[in-house]
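Undergrad: Dropping a structure here in C-alpha cells format, bear with me for questions.
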Amino acid sequence: MALRVGVVGGGQLARMMIAPAVELGVELRVLAEAEGMAASAAATAVGDYRDAETVVAFARDVDVLTFDHEHVPQEVLAALVDAGIPVRPGPGPLRFAQDKLAMRARLAELGMPQPDWAAVAGADDLGAFLAAHGGRAVVKTPRGGYDGKGVRVVRDPDDAADWFEAAQGAPLLVEELVDFSRELAQQVARRPSGQMRAYPVVETVQRDGVCAEVIAPAPHGGDRLSAVAASIGTAIAEGLDVTGMLAVEMFETTDERLLVNELAMRPHNSGHWSQEGAVTSQFEQHLRAVLDLPLGTAEPVAPWTVMVNILGGPEVGDIDGRFAGVMSEHPSAKIHTYGKASRPGRKVGHVNVSGFDLDDVAYEARAAASHFD
Ligand SMILES: Nc1ncnc2c1ncn2[C@@H]1O[C@H](COP(=O)(O)OP(=O)(O)OP(=O)(O)O)[C@@H](O)[C@H]1O
Ligand SMILES: [Mg+2]
C-alpha cells in the first residue's frame, strides 16, 4: 500500500509537494481551508485547521501529518499527538516557528547569533530599547506575521501604540535594526532518526518585506560563509528537534557576521530554486524527511540557479495568457504557477533558471518573470 502523507493547508507549498509525491508513489492528502485553493489537485478535505475534531478526523488514516503553514494551534497539535498521529514537525519545535519571542529565547539558550532583542510590554520598555540602540528598532508581532506584515521599523516609543493596544498586555518583540549587507537563507532537512542534509546557503532579496528573488548558491560565499551558515542551520535543526525542512533566514552584517532572523519549519520560498536546481528538491526532501526515509543529495545540479517570484500577477488577462510569449522568448525558464488569482503583491508563481553564468541566469529569470507583470 502507498505511503500516505497528510498536509494541513492548501497553499502553494502543499501544491508543490504533489509532483514529487506522484513521482515517488506517495499518496498526498491535503486539508484545504476552502475549495479551489492552490493545492486543490490533492485536496481530499476542506475544513478549519483550528478545529481539533476536523484535523484529527482528516489525519486518522495517514502515516504522517505535516504542514503547509505554521498556524495550527497548539491545542490542535496536542489533540493529534493524543490520538497517536505522527506529527512532523512536532508541537515542540513548531512552537518556535509560531512565536518569534519563544524563538528568540530558545535561540539565545542555544547560543545562536541573533540581533539584540527584548520582549516589550509598552511604550516605556520600547523607549528604553530605542535609547540603547541609537533611536531605531524593529518591532514585530510575535505571532501570525508573514510577508513583512507584523514587522515595523520604529523611531519613537509611540510608533507601535496601535500594536500594543491590540496586544492587550501581551508583549511584542523588539529587535535592533540590523545594518545588513544582504539576507541569506540556510535550509536543512532532518529526519526523526536524526539524519540531516544541508542545502547550499542562498541569497534572498526582499522587496517591501516580501521575497522577490533568490540566488543559489549565495554569490561571493566562500567556504567560510557556507560552513558557518550550515553549522547554524544544523545546530538549530538538532537543538529544536525539527523534522522535515527547516529554513533559517539570516542577515549577513556589514562586518561579516551572520545573525538569525527567523525560522520556517516547512518548505520555504528560499528553497524553490531546488525544484530544478538541486538533485533533490525541497518538496521531495520534505516528504522523505517526514516519512523518515533516507534523505536525498542536496547538491546543486548547475553552478547557479536564480528564482524570481511572480508577484501580483498580470493586471489584465490570465497568467496562462502570457505562456506563449515567455516560453518562446525564454525557453530555459521553468515556470511554476500556483492557480491563484492576481492581486497586488501576492505570490502567484515563480520562475527558475539554472546555468553557468550568473549574469545570464539572473537576466533570463528576471526577464521571464517580468512577462507576468
Ligand atoms: N531586525 C531587523 N533588522 C533589519 N531588517 C529586518 C529586521 N527584521 C526584519 N527585517 C526585514 O523585514 C523582513 C521581514 O521580516 P521577518 O522575516 O521577520 O517577517 P515575516 O513577515 O515573518 O517574513 P516572512 O515573509 O519571511 O514570513 C526581513 O526579511 C528583513 O528584510
Ligand atoms: Mg521572513
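Undergrad: Suppose we filter segment 335-350 for residues that are surrounded by fewer than 18 Cβ atoms within 10 Å (Cβ to Cβ) and either part of a helix (DSSP H, G or I) or over 18 Å from the mean Cα position of the chain (by Cα) (or both); how many remain?
TA: Number satisfying all stated conditions: 5.
Undergrad: Now a separate question. Residues L225, L184: which one is away from ligand 1 (no atom under 12 Å from the Cβ) and on the phi < 0 side of the Ramachandran plot? Give the derivation first.
TA: Numbers: L184 fails: away from ligand 1 (no atom under 12 Å from the Cβ).
Sole residue among the options that is away from ligand 1 (no atom under 12 Å from the Cβ) and on the phi < 0 side of the Ramachandran plot: L225.
Undergrad: Of all residues in segment 278-334, count the ones that are under 24 Å from S370 (Cα atoms), acidic (D, E) and not in a loop (DSSP other than H, G, I, E, B).
TA: Counting residues in segment 278-334 that are under 24 Å from S370 (Cα atoms), acidic (D, E) and not in a loop (DSSP other than H, G, I, E, B) gives 2.
Undergrad: Sticking with this structure for a sec: Which of the residues that make up segment 120-145 are part of a helix (DSSP H, G or I) and among the charged types (D, E, K, R)? It would help to see each step written out before you state the result.
TA: Filtering segment 120-145 down to residues part of a helix (DSSP H, G or I) leaves 123-132.
Hits for segment 120-145 are D124, D125.
Undergrad: Here's something else I'd like to know. Are any of the residues in segment 282-300 at pLDDT below 95 and in contact with a helix residue (DSSP H, G or I) (Cβ under 8 Å, 6 or more places away or on another chain)?
TA: no
Undergrad: Given the structure, is L110 within 22 Å of the chain's Cα centre (by Cα) and either at pLDDT 95 or above or within 17 Å of L172 (Cα to Cα) (or both)?
TA: Values: within 22 Å of the chain's Cα centre (by Cα): yes; either at pLDDT 95 or above or within 17 Å of L172 (Cα to Cα) (or both): yes.
Answer is yes for this residue.
Undergrad: Against the condition modelled with pLDDT of 95 or more, outside the structural domain of A57 (by TED's automatic domain parsing), within 16 Å of ligand 2 (Cβ to nearest atom) and crowded, with 17+ Cβ neighbours inside 10 Å, how does V120 come out, does it pass?
TA: Details: modelled with pLDDT of 95 or more: yes; outside the structural domain of A57 (by TED's automatic domain parsing): yes; within 16 Å of ligand 2 (Cβ to nearest atom): no; crowded, with 17+ Cβ neighbours inside 10 Å: yes.
So V120 fails the test.
Quick grid of which residues meet (1) surrounded by fewer than 22 Cβ atoms within 10 Å (Cβ to Cβ); (2) in the same structural domain as E284 (by TED's automatic domain parsing); (3) over 19 Å from the mean Cα position of the chain (by Cα):
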site: V8; (1), (2), (3): no, no, no
site: M17; (1), (2), (3): no, no, no
site: L28; (1), (2), (3): no, no, yes
site: A32; (1), (2), (3): no, no, no
site: E35; (1), (2), (3): yes, no, yes
site: A52; (1), (2), (3): yes, no, yes
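Undergrad: I'd like the residue in segment 261-278 that is more than 14 Å from the chain's Cα centre (by Cα) and buried (at least 19 other Cβ atoms within 10 Å of the Cβ) and, out of all such residues, is nearest to S332 (Cα to Cα). If you could, list the steps in order and put the result at the bottom.
TA: To start, the set of residues in segment 261-278 that are more than 14 Å from the chain's Cα centre (by Cα) comprises 275-278.
Those still in the list that are buried (at least 19 other Cβ atoms within 10 Å of the Cβ) too: 275, 277-278.
Values: Q275: 14, G277: 12, A278: 16 Å.
Residue satisfying both the conditions and the ranking: G277.
Undergrad: If you don't mind, another one. So which residues in segment 156-190 are in a helix (DSSP H, G or I) and either within 16 Å of ligand 2 (Cβ to nearest atom) or among the acidic types (D, E) (or both)? Can you show your working first?
TA: To start, the set of residues in segment 156-190 that are in a helix (DSSP H, G or I) comprises 157-167.
Once the filter is applied, which keeps residues that are in a helix (DSSP H, G or I) and either within 16 Å of ligand 2 (Cβ to nearest atom) or among the acidic types (D, E) (or both), segment 156-190 yields D158, D159, D162, E165.
So that you can scan it fast, the table gives a plain yes or no per residue for (1) at pLDDT below 95; (2) of a type in the set (F, W, Y); (3) surrounded by 19 or more Cβ atoms within 10 Å (Cβ to Cβ); (4) over 29 Å from V242 (Cβ atoms):
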residue	(1), (2), (3), (4)
N309	no, no, yes, no
H330	no, no, yes, yes
N352	no, no, yes, no
S370	no, no, no, yes
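Undergrad: I would also like to ask the following. Is there a residue being outside any strand (DSSP E or B), over 21 Å from H71 (Cα atoms) and at pLDDT 95 or above anywhere in segment 146-155?
TA: yes
Undergrad: Considering every residue within segment 83-103, establish whether at least one is closer than 30 Å to G9 by Cα, among the basic types (K, R) and assigned to a helix (DSSP H, G or I). Write out each step before concluding.
TA: Residues of segment 83-103 closer than 30 Å to G9 by Cα: 83-103.
With among the basic types (K, R) added as a condition, the list becomes 88, 95, 100.
Among the residues that remain, those that are also assigned to a helix (DSSP H, G or I) are: 95, 100.
Yes, segment 83-103 contains at least one residue that is closer than 30 Å to G9 by Cα, among the basic types (K, R) and assigned to a helix (DSSP H, G or I).
Undergrad: If you check E249, E213, which single one turns out to be away from ligand 1 (no atom under 12 Å from the Cβ) and acidic (D, E)? Step through it out loud before you land on a result.
TA: On the way: E249 fails: away from ligand 1 (no atom under 12 Å from the Cβ).
Within the list E249, E213, the selection yields E213.
Undergrad: Could you list, in sequence order, all residues of segment 45-58 that are of a type in the set (G, A, S) and over 16 Å from H71 (Cβ atoms)?
TA: Taking segment 45-58 first, the residues of a type in the set (G, A, S) are 45, 47, 52, 57.
Of everything in segment 45-58, those that are of a type in the set (G, A, S) and over 16 Å from H71 (Cβ atoms) turn out to be A45, A57.
Undergrad: Oh, and also: So in segment 208-219, with the set limited to residues that are surrounded by fewer than 22 Cβ atoms within 10 Å (Cβ to Cβ) and within 13 Å of ligand 2 (Cβ to nearest atom), which one is nearest to the chain's Cα centre (by Cα)?
TA: V210
The values are calculated or read from the model by the stated rules, or taken from the named source; none is laboratory data. Note that the structure is predicted; figures quoted are calculated from it, not measured. Positions of Cβ are backbone-derived with ideal geometry, glycine not excepted, and every protein chain shown enters the neighbour counts.
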